[in-house]
Amino acid sequence: MSKPLSRDEQMRESLGLGAEDGRLEEEEEDEAPAPPSRRPMNGNGEVSRIRELEAKNLELQNKIQQQEAKKDEQVETIKKLANSRMANIEKKFQEKLAAKERECEDLQASASHDMQEMVLLKGRISELEKQLTGLGVEPSKSVSVTSLPESRLVAEVEKLRAENSSLKSRQMNGANKSTESLEAENRELKQMVDNLTAANSKLISSTKEKISPMEKVLDNYKNATDQNTLNDGTSAMSEQVKKLQQIILDESNARKKAVEELEALRQKMSSKSDLSSKSLSDAQSNVKQLQLSVHEKEKEMAILKQNLKAQQDDFTIKEKDLQRQIKFLQEETERLNKEGSSKLQETRSRLRKGGRRVLSDIKNLRVAMDAAKQGTNTLKQELLPIMKSFYQPLKKAVQRIEKIESGWKDKYVAEAAERKRLHNLVLELKGNIRVFCRVRPKLQHEDSELAIFFPEDGRPDIPESNIAVFDETKGTEKVFEFDRTFGPNSSQEQVFEEVEALVTSVLDGYNVCIFAYGQTGSGKTFTMEGSPQEKGINPRTLARLFEMITDKSQDFSYRVEFSILEIYNEEIKDLLEPGGNKKLEVRQGPDGNYVQDLYLAQVSSYDEVIKLWSKARENRTTFSNNINEHSSRSHLVLSVYARGENRSTGVQSYGKLHLVDLAGSERLSRTNATGDRLKEAQNINKSLSALGDVIAAAAGKQGHIPYRNSKLTHVLQDSLGQDSKTLMIVQSSPLVRDVGESICSLQFATRARTVELGQAKKHTMPGRKK
Ligand code: ADP
Ligand code: MG
């Protein structure tokens, strides 16, 4: 829970002073009674403190002024608001009043109309009475027209009117009359109308009563008189009686009508009174609501007034607080001023004293420095001749050492190069198949662990040119040695550097074969062909060959031919001229093995080769639905045939270079193949095991080497042979996932490495003497 704010804190908050300011002021208030000497300050500090306090003082005054202005503004706003609300209420009240007045007037008008109708009715009744009198019927006292209650009804209507006007005045006064009395009046009115109806019907029946004796008299008179004498009188009488009867009938009809009219009037009166009582109650409830809202507004006003008062009180308190603060700050300023000036003087005298001491120290130091300088000079004088005598021999010695050192460096470089040359020479003399190993990098989408390690992976236990392969299934690590290893970070350039000398020896008449071996996806095509950005061995070799031909063109002329073939399902396909259905077969010729009818394109530049190569690629694509799958199931052989002639001696050379991207070496079981796939896999197996057999037979120096066991070994026969230079690049995936296949490939390559094919031979013929 946070502790409640003190008035001081509230004030600071309301003035927007930060906590730091607050803390400072609090400290000052706490410390105010303490003697000023408790504050250790120097002169400058005091002055800045005074300035600070003055600035704060000014700021506080500004804030007070701002607060006052704000307060006035707020009071004005509240007043305006209250006035406008009162005006609104008054206006509404007036409107309602006017509506009520109109209603009352309407009511009055309809009442006076009713009264007129009543007067008319009264006139008719008196007319009727007169007619009765004319007929000799005494108008009954009991049914005296004048004593009929119409006059009372009129009086009641008058009364209702008076009531309405009194209601109006009561509304004006805001009186609160209950509707009950009005309802009672209505009831009374109804009673009166009922009475009137009863009186009318009584009148009718009494009139009838009076008429019936007259009719009897008339009948008697008719019977008693002589028929003859009476005849005339009777007819006159009967006519008169008829007339009288008609009058009576008319009268009774008129009476009925009057009664009906009275009934209608009664109903009208009752609905009128209903209406007026409803509108009265509406008006009353409106008045009540208005009174309530006026009351509410008054309450609001009172609250606002209270708030205003509280704010004013608050402001007064704050103002007082601020004034107290200002006073305190002014006192503090004064005190600090005084304190500051005395401190200033104190500091000044202290500085003066200190300064004097420093000055004397500096003086002493100067003396000491002068003495030291003198000493150094003397020493220099003494040392100079000695140094001079040492300098020349020292310089000579350094030069001698540098000379010796650079001599050693040169010697070391030369030694290393020689060692390498000798090593290569030994290999060449032995005619070994040379084996390089290249492990591709882990690709972006691959999440398997790494299984192959190099010495540069922080593994000093792995010898140079060796790799360690972790076999997860056995939990052991196998180490393989090669002539050269290339790790995941090796560049295409580094690989080419190592093969360059080999491939260019084709121009000297050697048969050379480089093949990339390994499971699908291990990087064979990347190493041999590469990509436009990262060119592999094939394009680099071809480019270098034409460069060398140009370089040597003064002494040698070359005729270069180029072919590209593919071995798929033990069939040779010409990728440069795929047209014919004729089966291509390997034949023995004067220059060794060759493929009969294979198209050999004569080429004289790298660009021509590239064009042919892209044509071959197109042809290869048309052989298959999926070029990637197809290329992993067929062997691709790029061949260069270079026939050279020494321009001066006429000595001829003929070398063949085969660059081979082998089909994937993965084992059949793993491919789980059937049908066409099975046939492909079997054929791949056949050719790769033939390759192994050829190598093994050569290693065992057996008389018969089974080159003919597969198209691959047959085509490559004279380049895998005893007088050729062969390089195998075994490719491997770096992943644990592929470690089984990797170990198979590495074992195959290790066996090949032990094969000694014997020293390679140049294929040359003596030239014609020129
Ligand atoms: P293969 O011909 O043996 O089936 P690829 O040469 O097609 O294998 O290589 C498989 C994938 O690995 C390709 O995407 C290729 O670009 C990539 N790759 C192989 N070797 C390397 C390498 N040394 N550096 C970078 N990527 C490589
Ligand atoms: Mg490939």
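Given the condition within 14 Å of ligand 2 (Cβ to nearest atom), among the polar types (S, T, N, Q) and at pLDDT 90 or above, answer yes or no: does some residue in region 630-652 qualify?
Scanning region 630-652 turns up at least one residue that is within 14 Å of ligand 2 (Cβ to nearest atom), among the polar types (S, T, N, Q) and at pLDDT 90 or above.
Consider S448 carefully, then state whether it is within 16 Å of ligand 1 (Cβ to nearest atom) and either among the hydroxyl-bearing types (S, T, Y) or at pLDDT below 95 (or both).
Considered against the rule, which asks whether it is within 16 Å of ligand 1 (Cβ to nearest atom) and either among the hydroxyl-bearing types (S, T, Y) or at pLDDT below 95 (or both), S448 comes out as yes.
Which of the residues spanning region 453-462 are farther than 30 Å from P532 by Cβ, surrounded by 12 or more Cβ atoms within 10 Å (Cβ to Cβ) and not basic (K, R)?
Across region 453-462, the qualifying residues are F453, P455, D457, I462.
Within region 281-334, work out how many residues are polar (S, T, N, Q), open to solvent by less than 40 Å² (accessible area, probe 1.4 Å) and over 55 Å from the mean Cα position of the chain (by Cα).
Going through region 281-334 one residue at a time, the tally reaches 2.
Quick check on S605: is it away from ligand 1 (no atom under 16 Å from the Cβ), in contact with a Phe, Trp or Tyr (Cβ under 8 Å, 6 or more places away or on another chain), open to solvent by 30 Å² or more (accessible area, probe 1.4 Å) and over 26 Å from D718 (Cβ atoms)?
So S605 passes the test.
Scan region 541-548 and give yes if some residue there is more than 16 Å from ligand 2 (Cβ to nearest atom) and closer than 30 Å to N685 by Cβ, otherwise no. Give the derivation first.
Here is the first cut: in region 541-548, the ones more than 16 Å from ligand 2 (Cβ to nearest atom) are 541-548.
Okay, now just the ones that are also closer than 30 Å to N685 by Cβ, so 541.
Scanning region 541-548 turns up at least one residue that is more than 16 Å from ligand 2 (Cβ to nearest atom) and closer than 30 Å to N685 by Cβ.
Do we have any residue at all in region 714-724 that's open to solvent by less than 20 Å² (accessible area, probe 1.4 Å), within 16 Å of ligand 2 (Cβ to nearest atom) and touching a strand residue (DSSP E or B) at 6+ places or on another chain (Cβ under 7 Å)?
There is no residue in region 714-724 that is open to solvent by less than 20 Å² (accessible area, probe 1.4 Å), within 16 Å of ligand 2 (Cβ to nearest atom) and touching a strand residue (DSSP E or B) at 6+ places or on another chain (Cβ under 7 Å).
For region 608-653, enumerate the residues that are within 16 Å of ligand 1 (Cβ to nearest atom), open to solvent by 30 Å² or more (accessible area, probe 1.4 Å) and not β-branched (V, I, T).
Listed by number, the residues that qualify are R617, N626, N628, E629, S631, R633.
Hey, any hits in region 512-524 for a residue that's hydrophobic (A, V, I, L, M, F, W, C), without any contact (Cβ under 8 Å) to a residue 40 or more places away in the chain and away from ligand 2 (no atom under 16 Å from the Cβ)?
So the first thing to find is which residues in region 512-524 are hydrophobic (A, V, I, L, M, F, W, C), and the list is 512-516.
In the following step, the residues that additionally are without any contact (Cβ under 8 Å) to a residue 40 or more places away in the chain were identified as none.
Looking through region 512-524, none of the residues is hydrophobic (A, V, I, L, M, F, W, C), without any contact (Cβ under 8 Å) to a residue 40 or more places away in the chain and away from ligand 2 (no atom under 16 Å from the Cβ).
Filter region 335-384 down to residues that are under 28 Å from E52 (Cα atoms) and among the small types (G, A, S) and give me whichever is surrounded by the fewest Cβ atoms within 10 Å (Cβ to Cβ).
If we take residues in region 335-384 being under 28 Å from E52 (Cα atoms) and among the small types (G, A, S), then S349 is surrounded by the fewest Cβ atoms within 10 Å (Cβ to Cβ).
Only one of (1) modelled with pLDDT of 90 or more; (2) within 16 Å of ligand 1 (Cβ to nearest atom) is not met by L657, so which one is it?
Among (1) modelled with pLDDT of 90 or more; (2) within 16 Å of ligand 1 (Cβ to nearest atom), the lone unmet condition for L657 is (2).
Restricting to region 455-492, what's the tally of residues that are assigned to a strand (DSSP E or B) and among the small types (G, A, S)?
Residues that pass the stated criteria total 1.
Looking for something within 16 Å of ligand 1 (Cβ to nearest atom) and open to solvent by 50 Å² or more (accessible area, probe 1.4 Å) - is there at least one such residue anywhere in region 463-483?
No: region 463-483 contains no residue that is within 16 Å of ligand 1 (Cβ to nearest atom) and open to solvent by 50 Å² or more (accessible area, probe 1.4 Å).
The values are calculated or read from the model by the stated rules, or taken from the named source; none is laboratory data. Since the model is a prediction, treat every value here as computed from it, not as a measurement. Here Cβ is always computed from backbone atoms with ideal geometry, including for glycine, and neighbour counts include all displayed protein chains. Areas reflect the complete protein model, heavy atoms only, side chains present, ligands, DNA and RNA absent. Shrake-Rupley method; radii C 1.70, N 1.55, O 1.52, S 1.80 Å.
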